[in-house]
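Read the figures in this text as sums done on the coordinates, not as results from a lab. Bear in mind the structure is a predicted one, so any value in this text is a computation, not a measurement. Neighbour counts run over all protein chains shown; Cβ positions are idealised from the backbone, glycine included.
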Amino acid sequence: MRCAAALLVAALAAPAAAQTAQPAAPPRAIHVPYTQFTLPNGLRVILHEDHSVPMVTVNMWYHVGSAREKEKRTGFAHLFEHLMFMGSGHVKPGEFDEWLEAAGGDNNGSTETDRTNYWINVPSNSLELALFLESDRMGYLLDTMTPKTVDAQRDVVKNERRQSVENRPYGTAEVVIGELLYPPAHPYHWPVIGYMDDLTAASYDDVVAFFKKFYAPSNASLVVGGDLQPAAARRLIEKWFGDVKPGAAPEPMTIPAAALTGVQKKTITDRVQLPRLYLAWITPRHFQPGDAALDVVADVLAGGKNSRLYKRLVYDMQIAQEVNAFQASAQLSSSFQIVATPRPGHTVAELQRVIDEEIQKLQREAPSAHELERAVNQIESSFYNRMERVGGFGGVADQLNAYYTYKGDPDWFDEDLSRYRALSVDDVRAAAAQFLPLGARVELTVEPEKK
Amino acid sequence: MRTPLIVLVVALAGGALAAQQAPDRTHPPQPGPPAPLKLPSIQKQKLANGLPVWIVEDHKVPVAQVNLVVFSGTANDPPGKYGVASFMAAMLEEGAGSRSALEIADAVDFLGADLGAASTIDVSAVRLHVPVARLADALPIMGDVALRPTFPRDELDRQRQQRLTSLLQGRDDPPTIAAVAFSRVLYGKGHRYGTPQMGTAETIKTFTSDDLRGYYTSAFRPENATLLAVGDFSAATVVPLFEKTFGAWKASGSAAPEKLPAAEPPAKRQIYLVDKPGAPQSQIRIGSIGAPRATPDYFPITVMNTILGGSFSSRLNNNLREVHGYTYGASSSFDMRLGAGPFAAAAGVQTDKTAEALTEFFNELNGILKPVPAEELARAKNYVALRYPSAFEATGDISRRLEDALVYHLPDDYFARYVQNIQAVTAADVQRVARTYVQPDRVVVMVVGDLKTIEPKIRALNLGTITTLTIDDVFGPKP
């Protein structure tokens, strides 16, 4: 079967071999096969073959996100993402979606601080249509762009902000955390979705300048994955992307230093029944030393019923409705956050006392080998689960593009997993001790609005 | 261990061969011949106790998905005990066999497995997703959870508080308020579909271990269940493991499934408003009683809904989002169940455009009653039919398709004939089902928003009788 050769996740032992008392198995490599080439205009292309279903995905990453935005123009990278679906030189407004739907295709895009991605999933017989559309907006977006188009999507984006921030319970907390963690000049200070006034101010001229600066083929990478023949796919990619004009590389960013020296404490109100506590720290960038250990710290503290905070706050004391912890990794800086909601009749102060006790304990004493292994086993499983779909957000093609963008190696899966397998219990303790000081963090409380 | 022999990484030299001639962009490329739909082959067997087992071998990724599916859901909650199925399912992992709640969670997490138990409208299930190498270790835990739950008293009290607090938090979220209120006024208190699956504060406070065990005993029975397995194994290797875990399972007590009453669509248009002071958007739901999953109109309804609000370039999304910019997205859906679930058009719209948005909703609900142009019909049918292969990509996708086939008694050739059944839908079919199920004069309109701002303009639309509801009317008194 062709599909057996398409995605070569090294086979795990057969079920019968797994009936040992210890599930700990020797490390197994995860590899995703690909081929790679670069067009003369600078577009980097990665092909990945997988014939398990007759679908292909066209996954484009532009190496620009909200971190590249100018003052008073926050939210612009994301507003621009919306404009990429509004037609281009040879595609009238509306036709992008209509043509794809008529071919059985789906598409979407998303913007983060450091990148903007777009994907089109289509039946494999419509690969050329997807490449035509993706190349047309890369090469000819401005041919049909008008101030009216910008106005229309500005309204849509403002409603996206209302839906995901203002009208969502606790939705403004995330915005405030960024503002408290980073100084105003740091590009992670403002939210990806942007501020309403800045969305109002965004102009047609901004669109032209942003496209010319950041949407050149040399600032993008393309992964085409799924039911394809590499030689034929390469010919089609050369055909449709070959005439896209090259552009200059964006200037390097100067990132102001960001470090908390004390506690940034703030209380905001929202239309909610229960208060909520957010603790946040600035932590190492993704893939830097400490980043993987902090993922394990998050699991030891709040992953599952037996995690320390869940067990104490939710299971034993029953003073919290929920508690979560996560390392939010990104290219310029990461943050580690703990979020806890008290049960009715209890306070965030009660939760914070217990949370701080548990952080301090983890800073003093390494977790058990069992806790570390439990966390690493779950992370390892997540790598397999991420192999099940080729297209869409988080599919294999999206992951190849992510590893290529951030590590220069599309098939960096096994290296990524190895970061976790290499951790010792003391690495976990040391990360908690070094990166989660109680005296230098954000403490944000959301209180219910008074009637 | 690394297996470099089977890793194929071919780094081609950079740079294409020659300068490119600009391609002809005046017409979009046309599709090549379609690839044949490859359907998973289902191996159907039975264990010693008669429990049916459906197996699909899928060797792409070394994982296994195993679902024990029980054909009773929240729709089978007895009157006065709404929420018992959902509570029962939440308790399965809180103590089973000789294992405590914490022991179950630790064992599952240590294996890197996901194990979940849930009760939804028509089905209850225990579902396991695990690296295939750990399947044999995970199955005994799944077996305890599914077959030997103990419903410990102290865990029950903790879960009760957890659920009451969730219900309280539901009052914060406008989409949740709109959905709960819409179902309540459409189906009423006396029909199971009119109350959230979790139940109400009133019922949640009363459930005892005996209630939960009673529901469990009537539902979890080999003759009322099927085991599904999709993953990187052969039937020959997994059936003995399933036999060991589930083959000796026998039911006790008796089964007593509840029958749902029929639900009648509203006789005339009714408008309901729920106040959410200060809300920057209004959550709108407009709809009626839809159709059961077994309806012969399934394919025409699917196509009609795709045109109305089931795709990005659908009429509702195009009008309310792309043309008017009132919303981040507008949609419509038919929630088809064993009984007739709701049909609803939905959006969150900016507060100052609420009345304008309602007008556009009704323009589209009236518009779909007219004949649909051929090109729009063809696009909708292709959108649904041509991407059908992606419904069989991940193990979880395949197991969901199998669950649907089982729960809704779909014919053996259902998947094979799906594409042609969609393609056979005509414009006349679409118009007929639109006129049957989308009756703009007989709908419930639910609006959750800042009434101080939106109510005067909504009243001026003269859509029908207006009733104002409080959050307590929707959720009952605060727990």
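For the reader, a short list of remarks on this structure follows.
- Residue among A:Thr267, A:Thr254, A:Val296 farthest towards the positive dipole end of segment A:233-301, charges placed on Cβ: A:Thr267
- Taking the charge dipole of the protein assembly as shown about its Cα centre, with +1 at Lys and Arg Cβ atoms and -1 at Asp and Glu Cβ atoms, the residue from A:Ala325, B:Pro296, A:Gly109 reaching farthest to the positive side is B:Pro296.
- Placing +1 on the Cβ of every Lys and Arg and -1 on the Cβ of every Asp and Glu, with no other charges, gives segment A:264-448 a dipole of roughly 600 debye about its Cα centre.
- Cα-projected label distance for B:Asp352 with A:Ala185, points at 7 Å along beta-carbon direction, nm: 3.6
- Pairs from the table (B:Lys38/B:Lys250; B:Lys81/B:Lys452; A:Lys148/A:Lys213; A:Lys70/A:Lys158) lying more than 28 angstrom apart at Cα are B:Lys38/B:Lys250; B:Lys81/B:Lys452.
- Within chain A, helix-based [θ] at 222 nm, where runs of 4 or more DSSP H residues each add -39,500 (n - 2.57), nearest 500: -11000 deg cm²/dmol
- The mean sequence distance of close C-alpha pairs (under 8 Å, at least 6 residues apart), as a share of the length of segment A:264-448, puts its relative contact order at 36 percent.
- Cβ-derived FRET efficiency at R0 45 Å, B:Gln439 paired with A:Asp197, nearest 0.05: 0.55
- Comparing A:Ala340, A:Trp412, A:Ala369 along the charge dipole axis of segment A:264-448, the residue lying farthest to the positive side is A:Ala340, per the Cβ-charge model.
- Aspartates and glutamates with Cα under 18 Å of A:Lys212, excluding same-chain neighbours fewer than 8 positions away: A:Glu69, A:Glu81, A:Asp114, A:Glu134, A:Asp136, A:Asp143, A:Asp243, A:Glu251
- Each peptide among A:63-70, B:374-381 gets the average number of other Cβ atoms lying within 10 Å of its residues, and from highest to lowest they stand as A:63-70, B:374-381.
- Segment B:Lys259..B:Ser100, full-extension length gain: 53.8 nm, with 0.36 nm per residue of separation and the alpha-carbon distance subtracted.
- If you plug the beta carbon distance of A:Glu251 and B:His27 into 1/(1 + (r/R0)^6) with R0 = 35 Å, you get a FRET efficiency near 0.35.
- Magnitude of the charge dipole, segment B:252-391, Cβ model with Lys/Arg +1 and Asp/Glu -1, debye to 20: 220
- Normalised by residue number, the volume inside the convex hull of the Cα atoms of segment B:43-246 is 134 Å³ per residue.
- Pairs of C-alpha atoms in the protein assembly as shown farther apart than 53 Å represent 11 percent of all such pairs.
- Mean separation of Cα contacts under 8 Å, 6 or more apart, over the residue count of chain A: relative contact order %: 20
- Additional length obtainable on full extension of the chain from B:Ala248 to B:Asp412, 0.36 nm per residue less Cα span: 56.2 nm
- Taking amide H positions as modeled 1.01 Å from N, with prolines and chain starts lacking one, the residues under 5 Å from A:Val272 and 5 or more places away or on another chain are A:Glu449.
- Chain A: angle of helix A:396-407 to the longest principal axis, Cα-based, in degrees nearest 10: 80
- Rounded to the nearest 10 degrees, the inclination of helix A:147-161 to the longest alpha-carbon principal axis of chain A is 20 degrees.
- FRET efficiency for B:Asn462 and B:Arg432, using Cβ-Cβ distance with R0 set to 45 Å, rounded to 0.05: 0.95
- Note: relative contact order over chain B, using C-alpha pairs below 8 Å and six or more positions apart, is 21 percent.
- Dipole magnitude for segment B:396-479: computed about the Cα centre from +1 point charges on Lys and Arg Cβ and -1 point charges on Asp and Glu Cβ, it is near 360 debye.
- Cα-based radius of gyration of segment A:264-448 once divided by 2.2 N^0.38 Å, which approximates compact folds: 1.08
- Distance from segment A:162-215 to segment A:126-149 (C-alpha centre basis), Å: 25
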